[in-house]
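Here is the structure we will look at, set down as structure tokens.
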Amino acid sequence: MSGFLVTRRIGIDAGHRIMTHGSKCRHIHGHRYEIEASCRAARLHDHGEQSGMALDFGFLKEEMMAVIDGPCDHGFIAQAADGELLRMFAPEDGAAADAWIAALRETVAQEGFAATMDCRLGTKLYVLPVPPTAEQLAEHWFNRMAARVVERSDGVAELARLRVWETPNCWADYGLAAF
């Protein structure tokens, strides 16, 4: 099947840790993540402001900035089960911290993630139900972006792949495309 594939890349800086990792990734550290969203289309728009395009690169960038950059850039990405780490971000100690963590976990259970700046030092915190590995981030952001791509392209394009570069040499892909 022939068609078009368009890709947009953004970069973010964020911290994380993989609490169950058997080596150095269990420690708090950060990455310069590069995120690529690739969209496929069988045809191009034949009229309007996206005429001759599968999806305007600017529209794709706006969606990536809203879903990924806004809540995560210069922030920390955590797993909801990582209570020790979440306690470090809690704005209060003791029972108030426990209630704050419970509320975050409830949001994650209902929405699939929680994004907040209601933290100690006003830091961005993005909480997932899974470990914040490159693979899990790729799947999570793909799922959050997919419907937005269809909407912004007026149904012409679909998100085919989301790639998360954790380092210049290591990345993970998630999507519809055969790899």
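Filter region 147-179 down to the residues that are polar (S, T, N, Q) and in a strand (DSSP E or B) and list them by number. Steps first, answer last, please.
Here is the first cut: in region 147-179, the ones polar (S, T, N, Q) are 153, 167, 169.
Of everything in region 147-179, just one residue is polar (S, T, N, Q) and in a strand (DSSP E or B), namely Thr167.
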*Say we look at region 18-36 and pick out the residues that are in contact with a strand residue (DSSP E or B) (Cβ under 7 Å, 6 or more places away or on another chain) and part of a loop (DSSP other than H, G, I, E, B); which of these is nearest to Pro132 (Cα to Cα)?*
Met19
*Somewhere in region 10-18, is a residue without any contact (Cβ under 8 Å) to a residue 24 or more places away in the chain and either open to solvent by 40 Å² or more (accessible area, probe 1.4 Å) or not polar (S, T, N, Q) (or both)?*
no
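Looking at region 161-178, which of its residues are out of contact with any Leu (no Cβ under 9 Å at 6 or more places or on another chain) and either within 23 Å of Asp56 (Cβ to Cβ) or open to solvent by less than 50 Å² (accessible area, probe 1.4 Å) (or both)?
From region 161-178, those out of contact with any Leu (no Cβ under 9 Å at 6 or more places or on another chain) are 163, 165, 167-171, 178; that's our starting set.
Arg163, Trp165, Thr167, listed by residue number.
Considering only residues that are within 30 Å of Ala97 (Cβ to Cβ) and assigned to a loop (DSSP other than H, G, I, E, B), look in region 43-81 and name the one that is most open to solvent (accessible area, probe 1.4 Å).
Step one: filter region 43-81 for residues within 30 Å of Ala97 (Cβ to Cβ), giving 66-81.
Checking the rest, the ones that are also assigned to a loop (DSSP other than H, G, I, E, B) come to 73-74, 80-81.
Details: Asp73: 30, His74: 132, Ala80: 13, Ala81: 61 Å².
The residue in question is His74.
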*Collect the residues in region 130-160 that are over 13 Å from the mean Cα position of the chain (by Cα) and either in contact (Cβ under 8 Å) with a residue 40 or more places away in the chain or open to solvent by less than 10 Å² (accessible area, probe 1.4 Å) (or both), keeping them in residue-number order.*
Arg148, Val149, Arg152, Ser153, Asp154, Val156, Ala157, Glu158, Leu159, Ala160
*Of all residues in region 109-124 being over 14 Å from the mean Cα position of the chain (by Cα) and among the hydrophobic types (A, V, I, L, M, F, W, C), which is most open to solvent (accessible area, probe 1.4 Å)?*
Leu121
*Looking only at region 1-41, which residues are over 17 Å from Leu137 (Cα atoms) and of a type in the set (S, T, N, Q)?*
Ser2, Thr7, Ser23
*Please find, among Glu92, Glu84, the residue that is part of a helix (DSSP H, G or I), on the phi < 0 side of the Ramachandran plot, of a type in the set (D, E, K, R) and open to solvent by 70 Å² or more (accessible area, probe 1.4 Å).*
Glu84
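Is region 22-36 home to any residue that is among the polar types (S, T, N, Q) and either buried (at least 16 other Cβ atoms within 10 Å of the Cβ) or at pLDDT 95 or above (or both)?
The initial filter retains those residues of region 22-36 that are among the polar types (S, T, N, Q), namely 23.
After this cut, where a residue has to be either buried (at least 16 other Cβ atoms within 10 Å of the Cβ) or at pLDDT 95 or above (or both) as well, the list is none.
No: region 22-36 contains no residue that is among the polar types (S, T, N, Q) and either buried (at least 16 other Cβ atoms within 10 Å of the Cβ) or at pLDDT 95 or above (or both).
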*Name the one entry in Leu137, Leu121 that is more than 27 Å from Glu49 (Cα to Cα), at pLDDT below 95 and assigned to a helix (DSSP H, G or I).*
Leu121
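The values are calculated or read from the model by the stated rules, or taken from the named source; none is laboratory data. Quick caveat: nothing in here was measured; it's all calculated off a predicted structure. Don't worry about glycine lacking a Cβ; one is built from the backbone with ideal geometry, like all the others, and counts go over all protein chains shown. We work out accessible area using only protein heavy atoms, side chains counted, and drop any ligands, DNA or RNA first. Shrake-Rupley method; radii C 1.70, N 1.55, O 1.52, S 1.80 Å.
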